[in-house]
Amino acid sequence: MEAMGWGRYPKTTAKLIQPADSQALQKFISSQKKSASCISRGSGRSYGDSALSEQLVSSRFLDNFLELDEQQKVLRCGAGVKLGDILSVCIPRGLFLPVLPGTNAVSVGGAIAADVHGKNHHLDGSFCTHVKKINLVLASGELVTCSEQENAELFRATCGGMGLTGVIVDASLSLDSISSSYIDQRSLVANNLRECFEHIEDNANSKYSVAWLDCLATDKNLGRSVLYLGEHSASKNRKTDTMYRERSGLGIPFYTPSFLLNKTTMSLFNASYFGVQKRKKSAATLDCDNYFFPLDSIPNWNRLYGSKGFLQYQFVIPSDGAFEGITSVLEKISEKGKGSFLTVLKKFGEANENLLSFPKSGYTLTLDFKNELALFPLLEELDRIVLAHDGRLYLAKDARMSEEVFKASYPNWERFMTIKNKYDPGNCFASLQSNRLGLTQ
Amino acid sequence: MRVLIIGATSAIAKASARIYAELGCSLHLIARREDQLELLASDLLVRGASKVSYSVLDLNNFAEHEKTLDTAFTELGDVDIALICHGSLPDQEKVEKNFKQAQKEINTNGISIISLLTELATKFIEQQQGTIAVITSVAGDRGRQPNFVYGAAKSLVSTYLQGLRGKMLTHNVNIVDIRPGLVDSPMTAQFPKGPLWSSPERIAQKIVKSIRRGSHTVYAPGYWRVIMFVVSVIPEFVFKRLNF
């Protein structure tokens, strides 16, 4: 079948394997020949080529809830369970996932493999910070448990390890108690990047914090943005009727003709969005879906960028050089006339000990670009700016970073390789991305 | 609500059971593999089922049907919904040359269901209420070359259900015949998928809805009613030459 990531670039043909349970999965992995490689695949929400390989091992049928301990606030569930399903089970019980990425369609296995982060990284860390235990099938076909106490090095390599250590079967996750699944949101308008940074620093204690940014504004308006702060509401009852409430918006039925996405339309969109937000009431209460997953209300929004797909570019730069680095990036983009609808800025907290996890202390900026030939040289220039400021790119979004850039920015890659070689010497688990980055082959 | 699901570990059954669990129902599950039943039972409890019990049974062991259903009714008390989901998809080429295998497939997809329906009918007449829903297939609508053994077994059940529906009318029991089209599940893993394929979750939603509404014959998704109408009006002299 034709396979691709959420960015619809690159595309490849792959064989899809859907094991019905963990025994079937073990059987499949044990039967693998040396020459063939495979990579696990959850919901297909990583953007680039990190879940593409000759064979895709789907976690689709590993989707059982195994145990929910409401006292200890621990949930054990299969790797194929989607975060949205967890929320619909947890919210009626007053529980919540401590870290939520921008879509509820992500699977637990995918969230661990990419060590995803959310709007509260500065306070609560990334997804794997709250993972207590993982069961995974190794290249030998053996099912092993790893955690901070047990097989710790395997655990550190698997969290954020992009599926290269094995196939995750199930995991135990810590949950949080919440007063409500509704979020009280406050928005602060910033007329330039400096103001935005100040707003973020001033509100460092806000539970959720993320800024939308007009990436095409220039000169004195450069970095004009709206910072969204959120706290779990204390006033509203928690949402209990999640049944049958799965939102199904109209969706994007076909690809937007690519020529409609140009500098003029992007600038217009960005300027009018900023204008509307600036005039809007600054406080609102949103339900959890609208607050955390605004884009999920438009199924297939990835078709907006045309049939050739798009690339998402997310980097982090340590706080010291962040203002300067992000300014250079924004200037470079404006200069080349590229831009995106959704440019998101957020401050990260401290990094964790996982070997290939993306988040580290500093500021992270996310940009979408329509896939076109002229884009690739621009992204390489951006890579240089990011590297010069001691930054790095997010593997779950990457589809084109070079081996050199990767190895220069992920200093733990060699330790990762040692562990990978120990557990998977034949490179049974490999993706197009891991081949490109020199982690396999 | 108290729900009995037979063939509970099939993809469609699992998806349906999850919807009932989220509604807070009590469930009793019947299937062949105990490890799978155990997994599903814990899944359903987390999702909100008020109680889950199960019995292990190979449904081709007809002699055990009565006893197993007795257990189910003891566990649940009355049964509001009985949903029969089990089945297998035979390799047509093999079964049309080997009667033993054909018989086994017809037992699985046809006779075993008649046996269960016989028991269930008696029990539902006693309780004077409820719904019996059976998953058959669009394959039962007309015998097509690539799967007529499977289709024949399914149409056996569909025909039986039509008669049973009339019989049960005065006993306040509804009979639902659910005919899914192409479903992307472990049973059909070997086929390439196209736009006509749908997910077990989508079929399950339709099942739950049609049981609630008291529907009779349900195509899932609905467009299969149109497709099968077209298939049914093709004149036989043309149809016999088609191989689809």
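Roughly how tilted is helix B:223-233, in degrees to the nearest 10 and between 0 and 90, from the longest Cα axis of chain B? Roughly 40 degrees between the two axes. Using the Cβ atoms and a cut-off under 15 Å, what net charge is assigned to the surroundings of A:LEU143, where Lys and Arg are +1 and Asp and Glu are -1? In short, -3. For a test of the definition: using alpha carbon positions, the gyration tensor, and the 1.5 limit on a/c, classify region A:183-400 as rounded, prolate or oblate. Rounded is the answer for region A:183-400, as its axis ratio a/c remains below 1.5.
The string of couplings for region A:156-162 from the Karplus curve (6.51, -1.76, 1.60, θ = phi - 60°) is 5, 7, 7, 5, x, x, 6 Hz, one whole number per residue in order, with x for Gly and Pro.
Across region B:87-211, Cα-Cα pairs farther apart than 19 Å form 53% of the total. Measuring against 30 Å, Cα to Cα, the residue pairs A:LYS119/A:LYS407; A:LYS73/A:LYS422; A:LYS34/B:LYS14; B:LYS100/B:LYS167; A:LYS308/B:LYS193 contain A:LYS73/A:LYS422; A:LYS34/B:LYS14; B:LYS100/B:LYS167 as the ones spanning a longer distance. Scoring A:265-271, B:37-43 by mean Cβ neighbours within 10 Å over their residues and listing the highest first yields B:37-43, A:265-271. Ranking of A:TRP6, A:TRP301 by neighbouring Cβ atoms within 10 Å, starting from the fewest: A:TRP301, A:TRP6.
Using Cα centres only, tell me the gap between region A:150-174 and region B:84-104 in whole Å. The distance from the Cα centre of region A:150-174 to that of region B:84-104 comes to 42 Å.
Taking other Cβ atoms within 10 Å as a rough exposure proxy, B:GLU236, B:GLU96, B:GLU75 sort from fewest to most as B:GLU236, B:GLU96, B:GLU75. The mean sequence separation of alpha-carbon pairs under 8 Å and at least six residues apart, normalised by the residue count of chain B, gives a relative contact order of 18 percent.
Our note on the geometry: Cα centres of region A:1-28 and region A:314-339, 35 Å apart. Towards the positive end of the charge dipole of chain B, with charges on Cβ (+1 Lys, Arg; -1 Asp, Glu), say which of B:THR9, B:TRP224, B:ILE207 has the farthest Cα. Towards the positive end, the residue furthest out is B:TRP224.
Look at the alpha carbon pairs under 8 Å that are at least 6 residues apart: their mean separation over the length of region A:183-400 gives a relative contact order of 24 percent.
Comparing B:ARG213, B:ARG32, B:ARG47 in a Gaussian network model of chain B where C-alpha atoms under 10 Å apart are linked, the largest mean-square fluctuation is found at B:ARG213.
Reported to the nearest whole Å, the Cα centre-to-centre distance from region B:149-189 to region A:349-413 is 55. Ordering of B:79-92, B:1-14, A:283-296, A:418-431 by packing is B:1-14, B:79-92, A:418-431, A:283-296, highest average first (other Cβ atoms within 10 Å, averaged per residue).
Would you tell me the mean number of C-beta atoms belonging to other protein chains that fall within 10 Å of each C-beta in A:38-49, as a whole number?
Average per residue, whole number: 0.
Could you grab the relative contact order for chain A? Cα pairs under 8 Å, six or more apart, rounded to a whole percent. Reported as a whole number, the value is 19 percent. Go through the cysteines of the protein assembly as shown and tell me which have no other cysteine Cβ under 4.7 Å away. For the protein assembly as shown, the answer is A:CYS38, A:CYS77, A:CYS90, A:CYS146, A:CYS196, A:CYS215, A:CYS288, A:CYS428, B:CYS25, B:CYS85, because their Cβ atoms have no other cysteine Cβ under 4.7 Å.
For the protein assembly as shown, just say rounded, prolate or oblate: build the C-alpha gyration tensor, square-root its eigenvalues into a ≥ b ≥ c, call rounded for a/c under 1.5, and beyond that prolate if a/b exceeds b/c, oblate if not. Prolate is the answer for the protein assembly as shown, as a/c is 1.5 or above and a/b outweighs b/c. Taking every DSSP helix (H) stretch of at least 4 residues in the protein assembly as shown, weighting each as -39,500 (n - 2.57) and dividing the sum by the residue count yields a mean residue ellipticity at 222 nm of -10500 deg cm²/dmol. 3J(HN,Hα) along region A:362-371, derived from phi through the Karplus expression 6.51 cos²θ - 1.76 cosθ + 1.60 where θ = phi - 60°, amounts to x, 10, 10, 10, 10, 10, 10, 10, 4, 6 Hz, with x in place of Gly and Pro.
A 18 angstrom limit on the alpha carbon distance is what I want to check against. Which of A:LYS370/A:LYS397; A:LYS11/A:LYS397; A:LYS132/A:LYS207; B:LYS154/B:LYS209; A:LYS133/A:LYS347; A:LYS280/A:LYS346 exceed it?
On the way: A:LYS370/A:LYS397 14 Å; A:LYS11/A:LYS397 15 Å; A:LYS132/A:LYS207 22 Å; B:LYS154/B:LYS209 22 Å; A:LYS133/A:LYS347 28 Å; A:LYS280/A:LYS346 21 Å.
Over 18 Å apart, Cα to Cα: A:LYS132/A:LYS207; B:LYS154/B:LYS209; A:LYS133/A:LYS347; A:LYS280/A:LYS346.
A cut-off of 5 Å between modelled amide H atoms, ignoring neighbours fewer than 5 places along the same chain, links B:GLY130 with B:ASN174. Less than 5 angstrom separates the built amide H of B:TYR219 from those of B:ARG179, all sequence-distant by 5 or more or on a different chain. Taking every DSSP beta bridge with both residues inside the protein assembly as shown, roughly what % is antiparallel (nearest 5)? Antiparallel bridges: around 60 percent, rounded to the nearest 5.
Under the shape rule built on the C-alpha gyration tensor, where the axes satisfy a ≥ b ≥ c, region A:16-152 is prolate, since a/c reaches at least 1.5 and a/b is greater than b/c.
Taking every residue in A:10-22 and counting other chain Cβ atoms within 10 Å of its Cβ, the average works out to 2.
On the basis of the beta-carbon distance and an R0 of 35 Å, A:GLU201 and A:THR418 show a calculated FRET efficiency of 0.35. Among A:VAL116, A:VAL405, a tally of other beta-carbon atoms within 10 Å of each Cβ gives an order, fewest to most, of A:VAL405, A:VAL116. 3J(HN,Hα) couplings calculated from phi for region A:213-227 with the Karplus curve 6.51 cos²θ - 1.76 cosθ + 1.60 (θ = phi - 60°) are, in sequence order, 10, 7, 7, 9, 5, 10, 6, 6, 8, 3, x, 5, 7, 10, 9 Hz; Gly and Pro show x.
The mean count of C-beta atoms from other chains within 10 Å of the C-beta of residues in A:64-74, rounded to a whole number, is 3.
Read-outs throughout are calculated quantities, based only on the coordinates presented, and are distinct from any laboratory measurement. As the structure is a computational prediction, the values presented were derived from the model and not from experiment. Every residue, glycine among them, receives a Cβ derived from its backbone with ideal geometry; neighbour counts consider all protein chains shown.
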